[in-house]
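The values are calculated or read from the model by the stated rules, or taken from the named source; none is laboratory data. Note that the structure is predicted; figures quoted are calculated from it, not measured. Positions of Cβ are backbone-derived with ideal geometry, glycine not excepted, and every protein chain shown enters the neighbour counts. Heavy atoms of the whole protein, side chains included, go into the accessibility calculation; ligands, DNA and RNA do not. Shrake-Rupley method; radii C 1.70, N 1.55, O 1.52, S 1.80 Å.
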Amino acid sequence: MTTPQRLILTAYAPNLVGSDGRTLAIVRGMEQALPGLRLEWEVGDGGQPIELPHRAAWLADAATRGRFPLLCNGDASYPVTVSGMRRSASASPRGQPQLQIHAKLPLDAAVRAAAKAMIEAVAEGAHAFWGHATPDDAALDIAHQIAPTLEGPPAPRRGLPALKLFDRVRAPEIPYYLGWLNYWSAAAARAIGFPDAARDADLLSRARRTETGGWVVQLTEAPLDLEDPAHLEALKQAYERFPEIGARTSP
């Protein structure tokens, strides 16, 4: 049996400071993007779902303590989860702590159709600097671009470029890496020089502008599969086009 593919959705946003409504906006954004989705259960001890009859108040209370606990849809046969964690100042650009949002969904036809709307809703609800949605197989390859080895520097697979650790990125608006669907806030797009009409015609053909002036940029038509030479080449070309990503222009 093969393990079903999952879509990994991640966004990086300003750290939680009190209850500002962002965690509820993230959850509601996911539900609106994927018809029928209800993230109304907390994941308890042993992974058991616990229904949350007062979810909004529960999320608000957790946010006042700087927490975004793990929520799920309560369906073990079709698991969808979302949570957030605090990235420390020492592990973040400019020494500014961040909120990292992390969601996982089955990568079926419904999620594929909703993925672009979902990354936009999550990122804009979080007031994120940037984010991505990527199949888990490709996300593992991308992680090897950053993760150091026992011998020292990262050892990227498939000829992908090595990327710097997150604290070496010069500003929180600059993405650490690329994915299949890329959310770039207006500030992130300016920082990496997107769009350029002459150089970005192909990317713009699969991109859309968000209400806040950001962008959702789709790297390949189908979900990113790095076993596909055309997909791998598209990812390499995108890294070549945006050398700021992953702090590759930094000393």
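Does Asp196 fit the bill of being part of a loop (DSSP other than H, G, I, E, B) and farther than 22 Å from Pro93 by Cα?
yes
Would you mind stating whether Leu24 is closer than 23 Å to Asp108 by Cα and either in contact with an Asp or Glu (Cβ under 6 Å, 6 or more places away or on another chain) or open to solvent by less than 60 Å² (accessible area, probe 1.4 Å) (or both)?
no
Is it fair to say Leu107 is in contact with a Gly (Cβ under 9 Å, 6 or more places away or on another chain) and modelled with pLDDT of 95 or more?
The answer is no for Leu107.
Going residue by residue through the range 11-19, is there one that turns out to be touching a residue at least 24 places away in the same chain (Cβ under 8 Å), under 21 Å from Pro172 (Cβ atoms) and part of a helix (DSSP H, G or I)?
no
Report the residue count in the range 29-84 for those that are exposed (fewer than 12 other Cβ atoms within 10 Å of the Cβ) and within 24 Å of Ala110 (Cα to Cα).
4
Given the conditions (1) touching a Lys or Arg at 6+ places or on another chain (Cβ under 6 Å); (2) farther than 18 Å from Ile119 by Cβ, and given that Gln218 satisfies all but one, which numbered condition is not satisfied?
Just one mismatch for Gln218, condition (2).
For the range 40-48, does any single residue satisfy the condition of being assigned to a loop (DSSP other than H, G, I, E, B), of a type in the set (S, T, N, Q) and either free of Cβ contacts under 8 Å to residues at least 24 places away in the same chain or more than 19 Å from Arg112 (Cα to Cα) (or both)?
Yes - at least one qualifying residue is present in the range 40-48.
Write out, first by first residue and then by second, each pair whose Cβ atoms fall under 7 Å of each other, whose residues are 6+ apart or on separate chains, and whose first residue, in the range 168-193, is assigned to a loop (DSSP other than H, G, I, E, B) and open to solvent by less than 10 Å² (accessible area, probe 1.4 Å) while the second is modelled with pLDDT under 95 and of a type in the set (Lys, Arg).
Filtered contacts from the range 168-193: Ala171/Arg94; Pro172/Arg94.
Each row is one residue, and each column tells you yes or no for (1) within 30 Å of Leu232 (Cα to Cα); (2) small (Gly, Ala, Ser).
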{"residue": "Ala60", "(1), (2)": "no, yes"}
{"residue": "Ala76", "(1), (2)": "no, yes"}
{"residue": "Ser88", "(1), (2)": "no, yes"}
{"residue": "Ala91", "(1), (2)": "yes, yes"}
{"residue": "His102", "(1), (2)": "yes, no"}
{"residue": "Leu105", "(1), (2)": "yes, no"}
{"residue": "Ala113", "(1), (2)": "yes, yes"}
{"residue": "Phe129", "(1), (2)": "yes, no"}
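Kindly list, by first and then second residue, each pair from a residue in the range 229-251 that is in a helix (DSSP H, G or I) to a residue that is acidic (Asp, Glu), limited to pairs with Cβ atoms under 6 Å and residues at least 6 apart or on different chains.
Final answer for the pair search is His231/Asp225.
Is at least one residue of the range 126-137 within 25 Å of Arg209 (Cβ to Cβ) and open to solvent by 40 Å² or more (accessible area, probe 1.4 Å)?
yes
Being more than 27 Å from Arg168 (Cβ to Cβ) and part of a helix (DSSP H, G or I) is the filter here, so list the residues in the range 93-120 that pass it.
Answer for the range 93-120, where residues must be more than 27 Å from Arg168 (Cβ to Cβ) and part of a helix (DSSP H, G or I): Ala109, Ala110, Val111, Arg112, Ala113, Ala114, Ala115, Lys116, Ala117, Met118, Glu120.
Of (1) open to solvent by less than 20 Å² (accessible area, probe 1.4 Å); (2) among the aliphatic types (A, V, I, L, M); (3) in contact (Cβ under 8 Å) with a residue 60 or more places away in the chain; (4) over 29 Å from Ser88 (Cβ atoms), Leu219 satisfies all except one. Which?
So the condition that Leu219 fails would be (3).
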